[in-house]
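Only one structure is covered here, and it is reproduced in the block below.
The values are calculated or read from the model by the stated rules, or taken from the named source; none is laboratory data. As the structure is a prediction and not an experimental result, all values here were calculated from the model. Methodologically, a virtual Cβ is constructed for each residue, glycine included, from the backbone with ideal geometry; neighbour enumeration extends over all protein chains shown. Calculation scope for accessible area: heavy atoms of the full protein, side chains included, ligands and nucleic acids excluded. Shrake-Rupley method; radii C 1.70, N 1.55, O 1.52, S 1.80 Å.
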Amino acid sequence: MCGIVGYVGPRDAAPILIQGLRDLEYRGYDSAGIAVMPNTGDEIAIRKREGKIANLEAAVRGGVPLQGGTGIGHTRWATHGRPSDTNAHPHHSCGGDVVVIHNGIVENYAELKAELKAAGHTFASETDTETIAHLVEQQVTEGLTLSEALRHTTARLRGSHAILALNRKEPGVIAGARIGNAGGIVVGFGEGESFLASDLAAVIAHTRDVAFLRDGEFVTVTASGVDCFDQDGRTITPERRVVPLDPVSALKGQYRHFMLKEIMEQPVALSDTIGSLIVVDPPELQLMALGAAAARLKDTKRVVLLGMGTSLHAAMIGRRYFELFAGIPAEVDNASEFRYREPVLDAETLVVTVSQSGETVDVLEAMAIAREAGSAQVTICNVEGAQTTRVADGAVYTRAGMERGVASTKTLLTSIVALYCLALATGKARGHISPQDLAGRIRDLVILPEAVASVLADADVYEQMAPALARFNDFLFLGRGLAYPVAMEGALKLKEISYIHAEGYAAGEMKHGPIALIDREFPTVAIATRHALRSKMVSNIEQVQARGGEVLAIVTEGDTEIPGLVRYTVSIPDVPELLEPIVATVPLQCLSYQIALQRGCDVDQPRNLAKTVTVE
Ligand code: AGP
């Protein structure tokens, strides 16, 4: 979760680190800190503050100027130790010579801490990370270089880690380690300067020439170069690549929030994604990044779809596509549950993971199980070169541009498109879908950007409804068929950005318990579009209203009956059934956004959350 950044070069490190942390703030915002090492070998200066990066910036501005061209910075999502100035990273050793930042959990920190204390080390913070600084210090005191000391130290840590470290006695050097799937480390190759970061967001403004550390790899960067090693200290050559990410899409521009910007970008995100995955005339799929997985689609007998949060909802929708287009059993599972079962997998199972970031720890661990079992793997991802894309046999990239709001929006819609195309490709490879059906399904995609744009053109409607709806503390979201995951997504969006309790249910389940919740203070959002088993949904609506519950219904344009039944209605255009979840999700995003604004919530950085979940 946490964001880490490092810089070494001729410029002052502090402003570069702070900008880098701003770019990574979506990963955690409980506290932030930087350490800057003077080129002279003098003491490493640390500034850190609880809360958002603005607090750190104020501390840096108000204090003694930080001079030096080498530094590391961290934005924290707290795991061990509450958010506070003291628990903020960077952490230093007793002597102050070694300074570290860390993303991950030292699972055996209690025993390490006891051992270090017994050896005379004193601890300043409640964090697990501080043990790393003390362990590295022990090693450098014995004569090892920082890089060697970090390798020896990581051998003693349980869990997954991304670590950057400085040693006052080695000016101009940053050592880094990536162990397991706690988070990546990107190395950026500049002109006479080098960069390190948890992800591309903090590097892309400086260089597009990058390499991603793999599990078990170590790096030492100076202004003039980058050296990579394996756990035994053998030199390895990093796989350099030039990334195409567009930094402009990371800027908030005219919008009040990234989430709003990203909602409004959805027609373009869809059009870019669809344009990259199909050609229309003649209709054909072009899944260019499928790699070795392409040849295995024809032998696929079963599909397992995995994801977390919003990406899990995309996977739930994708299941139907595989069943229909490829005619094979498809299952969907939460990656964090899957990884702790004994899942039955084989070489004829296609494992499809959905992760917009490509960094989610549970997804990566599930992928490791699938690899062990010899299953083919395709990942749906929005970040070229992200970890999942390096583990999978192939990828289907979404072209949504960078998503900065913690609440996923445009990456959901584009992930559904990617799943649709992958399912079509599987159906085609297996000979299950006819050429005519395939051509028609491909053509269907073309209308999506326009359909979503037309929903967004009515965005005022949500602003008008929000004041009345924002007073409720509970919501029920109901849907059937493909609208069931849409209902779950609507509930997730509402709870994460407005802190309102919301339940997403299959509408058929309503009478099996949830109906007991309904009263005048517990409204229901019902997805009752033409394709969502509408007549059954009308029954649900009537049953809710009979118990005094207010209803907001999402209906298909032209529906004249449901608007007469319910208090609030939102209409969406009539699109092909299988693509309707893409359009039906948009009103729920807009509604959540407006309700969160009404309640004064921090839409882009909701409490307790982080954009990318890299620890368990
Ligand atoms: C939803 O708004 C959240 N951002 C969250 O549920 C997210 O979808 C989940 O953490 C998975 O992230 P990923 O797609 O990057 O793997």
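Remark: the D230-R471 segment gains 81.2 nm on full extension, using 0.36 nm per residue and subtracting the alpha carbon distance. Overall, the accessible surface of the chain at a probe of 1.4 angstrom is composed of carbon and sulfur to the extent of 49 percent. Each other residue within a Cβ distance under 14 Å of N55 adds +1 if Lys or Arg and -1 if Asp or Glu, for a net charge of +2. Here R241 and V279 are evaluated by their C-beta separation; at R0 = 22 Å the FRET efficiency comes out at 0.25. About its Cα centre, the chain has a charge dipole of approximately 360 debye under the convention of +1 per Lys or Arg Cβ and -1 per Asp or Glu Cβ, with nothing else charged. Would you mind checking the tilt of helix 361-372 against the longest principal axis of the Cα atoms of the chain, expressed as 0 to 90 degrees and rounded to 10? For 361-372 against the chain, the angle is about 90 degrees. Note on exposure: M316, M308 ranked by accessible area (1.4 Å probe, complete protein assembly) read M308, M316, with the most exposed listed first. Working note: Karplus 6.51/-1.76/1.60 with θ = phi - 60° gives region 181-193 the couplings 10, 5, x, x, 10, 9, 9, x, 9, x, 8, x, 7 Hz, where Gly and Pro are set to x. Given contacts defined as C-alpha pairs under 8 Å and at least six residues apart, what's the relative contact order of the chain, whole-number percent? Taking the mean separation of contacting Cα pairs over the length of the chain, I get 12 percent. The distance separating the Cα centre of region 186-232 from that of region 326-382 comes to 29 Å. Remark: region 398-409, residue by residue, has Karplus-estimated 3J(HN,Hα) of 8, 10, 8, x, 4, 10, 9, x, 4, 6, 6, 9 Hz, where x stands for each Gly or Pro and the curve is 6.51 cos²θ - 1.76 cosθ + 1.60 at θ = phi - 60°.
Of all aspartates and glutamates in the structure, the ones whose alpha carbon falls short of 13 Å from that of K113, not counting any fewer than 8 places away in one chain, are E126, D128, E130.
Taking the Cα centre of the chain as the origin and placing charges on Cβ (Lys, Arg +1; Asp, Glu -1), which of A368, A315, P573 is farthest toward the positive end of the dipole? My answer, from the dipole projection, is P573. A full extension of the chain between A295 and V446 corresponds to an added length of 51.7 nm, given 0.36 nm per residue minus the alpha carbon distance. Computed from the C-beta positions of N108 and T560 and an R0 of 56 Å, the FRET efficiency is 0.30 to the nearest 0.05. Heavy atoms of the protein chains alone define the surface here; on that basis region 1-148 has 36 Å² accessible area per residue at 1.4 Å probe size. When the helices of the chain are scored as -39500 (n - 2.57) per DSSP H run of n ≥ 4 and the total is divided over every residue, the value at 222 nm lands at -10000 deg cm²/dmol.
Projecting the Cα atoms of A88, L116, H102 onto the dipole axis of region 27-145, where Lys and Arg carry +1 and Asp and Glu carry -1 at the beta carbon, places A88 farthest toward the positive end. Remark: spin-label model distance S539-R371 equals 4.9 nm, labels positioned 7 Å along the Cα→Cβ axis. Between the amide H of F522 and those of E550, distances stay under 5 Å, these residues lying 5 or more places away or on another chain, with hydrogens modeled in the peptide plane.
Counted over the chain, the DSSP beta bridges are approximately 60% antiparallel. Take 358-367, 217-226, 294-303, 234-243 and order them by the average number of nearby Cβ atoms within 10 Å per residue, most first; the result is 358-367, 217-226, 294-303, 234-243.
Which distance in Å, rounded to a whole number, links the C-alpha centroids of region 109-153 and region 420-498? Between the Cα centre of region 109-153 and that of region 420-498, the gap is 50 Å. Residues D85, D199, D460, sorted by accessible area with the largest first, give D460, D85, D199 [1.4 Å probe; ligands and nucleic acids excluded]. The 1.4 Å probe gives accessible areas that order H161, H432, H512, largest first, as H512, H432, H161.
Across region 455-460, rounded Karplus estimates of 3J(HN,Hα) from the backbone phi angles (6.51 cos²θ - 1.76 cosθ + 1.60, θ = phi - 60°) give 5, 5, 5, 9, 4, 4 Hz, Gly and Pro being marked x.
The amide H of R567, built 1.01 Å from its N in the peptide plane, has V551 as neighbours under 5 Å, considering only residues 5 or more places off or on other chains. To the nearest Å, what is the center-to-center distance of region 259-320 and region 528-554, using C-alpha atoms only? Each part reduced to its Cα centre gives a spacing of 31 Å. The simple spin-label model puts a point 7 Å past each Cα toward its Cβ; for T122 and Y340 those points are separated by 4.0 nm. Cross-link pairs exceeding 23 Å between alpha carbons, from the set K301/K428; K410/K611; K52/K410; K261/K611: K52/K410.
Taking Cα atoms only, the orientation of helix 130-141 departs from the longest principal axis of the chain by about 30 degrees.
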